[in-house]
Each structure stands twice: as C-alpha cells, then as structure tokens.
Amino acid sequence: VQADGVVERIAHRSEMGTGIRTSLPQIVADEMEADWSRVKVIQGLANADYGSQNTDGSRSVRDFYQIMRQMGAAARASLELAAASRWSANIGDVAASNHQVIHRDGRRLGFGELAADAAKLPLPDLAQLPLKEPKDFRYIGKDIPIVDLQDMCTGNTLFGTDVRIPGMLFASIERTPVLQGKVLSFDRDATLKAPGVVDVIRIKGQPLPSGFNALEGVAVLASDSYSAITGRSKLNISWDRGVHATHNSGAYLDDLAAKV
C-alpha cells in the first residue's frame, strides 16, 4: 500500500487470456476492503518465492483462492490494528471499509495514511484470521472488466513474443510426427549453411508418461524467426516411428468403445 493509497498487487501467474491477472488481485482486494479503482496490478517476474507460477489447467483460482483471501485479510487486519493504535482504541471498535478504516464514532483514516504503520506490524496468524461471509463479497464472484483487456485487444500491451533481449536467438523445432518417435538422422551441415542459422540442437524425448515433457525433435536456432524456419526446411529428418507407426485414431476409438 503506497502513501497515496494506491494498492499495488503483484500477479504471480501469467495472463493467458482467461483474466487471471484480474481475478487473483480481485480476491485480495475484496478481503482487504480495497477500492478496486485504486488497485494497480503488477506482473510478477519469475521467482521461486511465489511458488508455482504455471498458468495452465484452469488451476490458478482453485489453487490460490484461499491464500489470496488470507493475504487480503492479513492486510486488512494490519491496517485496522494500525488505526486502532493511532487512536488508542479497542480493535473491536474499528473496521476497514472501502479503502478506509473507520471508528465506530465516525473517525476515519485512509489506507495510505496507515500504510507505513501497518507495514511495521508482524504478519497476523493466517489460520486465525476471520474471512468474509459470501454475502459480504464486493468483488468475488462479480463481473469486473479484465484490467488490461483494452490494451490486449488493441496491441498496446507487451506480449511474450514482443520481448527482445541482447543476443537473443529464435528457434524453430521439427517434432516427431508420432508419440515416442525417434530421430534417426538429419542434415546438420546443410542446415548450418542456411543464412542466419547459428546452431542445430537435437531434443531427446522423454519416457512415458510424457506429460508436459518435450517430444523428440530437432531445434534450429537463428538470428531471426524467418532464418530459423528456413533452416528447419533443410533438416531432412529421418524418423523411427516406433510402436505408433501404424496408429489409427478411428481404430483406437473403436477399440475403446468395445471395452466400455
């Protein structure tokens, strides 16, 4: 919480078009009693301290709903305690509401005014924090516009594919056409002769279950994407298709149906 009252909330998951950069901060803001119009969402960089940062499987809210609520409640409790201390009041006589902490006698202080004092307090015991009743939700379960939807739709936000760093290379990968297929050979020399190509790397497949592991293939690294794609066309890969060489989806479905 900044001195001007702006609440900065780091989104540790990536936006993949599902609104996760909005929904996770919205949970925190609800429990915190923050004014949504004064919440600023910041994209978190890769950091092990955040725990899992995968964005897949529609798991972000399911996995982090409870801890997001607890984080919001912890911030609210700290702000309330800071206000009670400022007023020498009982903690039961103050309550946070819409970006302020209000005393039952009408006195009130904004979150920004309390931020410095609240930041000095130890983190409350998360297990003991009272959480809101669903009937009191202001944002959770409510329709809230995605925070960066306009920028995404108009191309004004920074997408992963827009990132450029010094010495960056581009890759184009030729994958096995069947599960568990293996590379027998490829023309490395011809590929390296293609303009802009820097290196050619074989990617070894993983044993089953494959999960999120990469399929076997060959990656062409180049100074730009066009050169990588052009170089890939020179690979001339020979494949060992293995046990799935004759796989047929129709026959597989018929086999499954027969076993039901």
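Descriptive notes on the structure:
- At least 3 residues being out of contact with any His (no Cβ under 7 Å at 6 or more places or on another chain) and aliphatic (A, V, I, L, M) is the threshold, and among the strands (runs of 3 or more DSSP E) wholly inside the stretch 1-107 those reaching it are 7-11, 39-43.
- Test: residue in the stretch 149-169 that is in contact with a helix residue (DSSP H, G or I) (Cβ under 7 Å, 6 or more places away or on another chain) and either touching a residue at least 24 places away in the same chain (Cβ under 8 Å) or of a type in the set (Lys, Arg) (or both): no
- Failed item in (1) surrounded by fewer than 20 Cβ atoms within 10 Å (Cβ to Cβ); (2) at positive phi, with Asn54 passing the rest: (2)
- Boolean, Leu179 is closer than 30 Å to Leu208 by Cβ and either open to solvent by less than 40 Å² (accessible area, probe 1.4 Å) or assigned to a loop (DSSP other than H, G, I, E, B) (or both): yes
- Every residue from the stretch 186-231 that is open to solvent by 80 Å² or more (accessible area, probe 1.4 Å) and modelled with pLDDT of 95 or more: Arg188, Asp189, Lys193, Pro195, Val198, Arg202, Tyr226, Ile229
- Filter pass, Asp93 being at negative phi, at pLDDT 95 or above and surrounded by fewer than 17 Cβ atoms within 10 Å (Cβ to Cβ): yes
- Members of the stretch 144-176 found to be exposed (fewer than 15 other Cβ atoms within 10 Å of the Cβ) and of a type in the set (D, E, K, R), listed by number: Asp151, Asp162, Arg164
- If you go through the stretch 39-62 and keep only what is polar (S, T, N, Q) and either more than 10 Å from the chain's Cα centre (by Cα) or more than 15 Å from Ile146 (Cβ to Cβ) (or both), you end up with Asn47, Ser52, Gln53, Asn54, Ser58.
- Pick from the stretch 233-255, criterion touching a residue at least 60 places away in the same chain (Cβ under 8 Å) and open to solvent by 80 Å² or more (accessible area, probe 1.4 Å), ranking: nearest to Gly205 (Cα to Cα): Arg241
- Subset tally (residues that are under 18 Å from the mean Cα position of the chain (by Cα) and of a type outside the set (Gly, Ala, Ser)) for the stretch 4-38: 16
- Within the stretch 113-128, the set of residues being open to solvent by 60 Å² or more (accessible area, probe 1.4 Å) and either out of contact with any Gly (no Cβ under 9 Å at 6 or more places or on another chain) or among the β-branched types (Val, Ile, Thr) (or both) comprises Ala116, Ala119, Lys120, Pro122, Leu123, Asp125, Ala127, Gln128.
The values are calculated or read from the model by the stated rules, or taken from the named source; none is laboratory data. Keep in mind that this is a model prediction, so the values were computed, not measured. Note: ideal-geometry Cβ built from the backbone for every residue, glycine included; neighbour counts use all protein chains shown. For the accessible areas, the whole protein counts, side chains as well, though only heavy atoms, and no ligand, DNA or RNA atoms are used. Shrake-Rupley method; radii C 1.70, N 1.55, O 1.52, S 1.80 Å.
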